[in-house]
1. Determine, for Phe86, Phe9, Phe106, Phe151, the number of other Cβ atoms within 10 Å of each Cβ, and report the residues in order from fewest to most.
2. Asp111's amide H: which non-local residues (gap 5+, or another chain) put their own amide H closer than 5 Å, with H modeled 1.01 Å from N in plane and none for Pro or chain starts?
3. Using the Kirkwood formula over every pair of different C-alpha atoms, what hydrodynamic radius in Å results for the range 5-176?
4. Roughly what % antiparallel, to the nearest 5, for the DSSP beta bridges in the range 5-176?
5. Please list the non-local residues whose amide H lies under 5 Å from the amide H of Leu84, H modeled 1.01 Å from N, same-chain partners needing a gap of 5 or more.
6. Pull up all non-local amide H partners of Ala26: gap of 5 or more, or a different chain, and H-to-H distance under 5 Å with H placed in the peptide plane.
7. Students often get this wrong, so check it: of Lys34/Lys154; Lys34/Lys55; Lys48/Lys154; Lys73/Lys154, which have C-alpha atoms separated by over 28 Å?
8. Can you compute the charge dipole magnitude of the chain about its Cα centre, using +1 on each Lys and Arg Cβ and -1 on each Asp and Glu Cβ, nothing else charged? Give it in debye, rounded to the nearest 20.
Amino acid sequence: MAAAREDLFERLTALGIETNTVEHEAFMTVEEAKAGRIAHDMPGGHCKTLFLKNKKGDLFLLVALEDAAVNLKALGKALEAGRLSFGSPELLLETLGVTPGSVTPFALINDDQQKVRVLLDRALLEADLVNFHPLENTATTAIQPGDLMAFIVKGGHTPEIWDLAELNQASSSSDTPSDAVRP
């Protein structure tokens with residue numbers, strides 16, 4: 001059974017991680033979140049989280065600032081994973097226990113078998129605070145990037161740090177990404 005929001009907050013508290021959560025109307029997209037943020041005081045970097053898969057069935061969770069450009073073709077090549085596509089809502093629910101519109105790195109609490117490979121954009125880690133849905137899209141939780149890393153690692157995952165901006169630049173100037181974009 002998937003963890004509920006209360007379970008997530010209990011885990012964060014047990015890890016000594018402080019967060020701040022703001023309740024709001026449901027945000028399904030980055031655009032809705034941008035518009036809704038005007039009415040709420042939510043400082044920090046606002047993020048998007050993409051649930052991806054390849055043809056072999058490998059699963060990926062890509063976490064980046066909301067305005068980061070994501071070149072799935074270049075990323076798949078750099079990961080040596082082949083073509084990447086979005087995972088189905090059914091696979092998302094089965095693996096991470098959340099539905100579309102609520103995808104978040106906090107959903108890794110439900111991946112106790114570490115089936116998902118976690119990819120973080122380097123720019124995300126440079127923010128003072130980062131914001132994610134706490135397993136449901138009717139709230140936003142702010143957390144320090146170092147605490148997000150601790151949550152991911154203590155959950156058994158090994159996050160890979162990628163520079164999406166550099167990866168995009170390398171893919172536009174060459175078919176072969178540079179070594180500098182590898183984790």
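1. Values: Phe86 14, Phe9 18, Phe106 29, Phe151 21.
Neighbour counts put them in this order, fewest first: Phe86, Phe9, Phe151, Phe106.
2. Result for Asp111 returns nothing.
3. Working: mean 1/r = 0.0613 Å⁻¹.
About 16.3 Å for the range 5-176.
4. Values: 17 of 27 bridges.
If I count the DSSP bridges inside the range 5-176, around 65 percent turn out antiparallel.
5. Gly76
6. Amide H neighbours of Ala26, under 5 Å, 5+ apart: none.
7. Numbers: Lys34/Lys154 31 Å; Lys34/Lys55 33 Å; Lys48/Lys154 22 Å; Lys73/Lys154 30 Å.
Beyond 28 Å between Cα atoms: Lys34/Lys154; Lys34/Lys55; Lys73/Lys154.
8. On the way: 16 positive and 27 negative charges, 142 e Å.
In debye, rounded to 20, the chain gives about 680.
Every number here is computed from the coordinates shown, using simple stated rules; none is lab data. Not measured: the values here are computed from a predicted model. Virtual Cβ from ideal backbone geometry, glycine too; neighbours counted across all protein chains shown.
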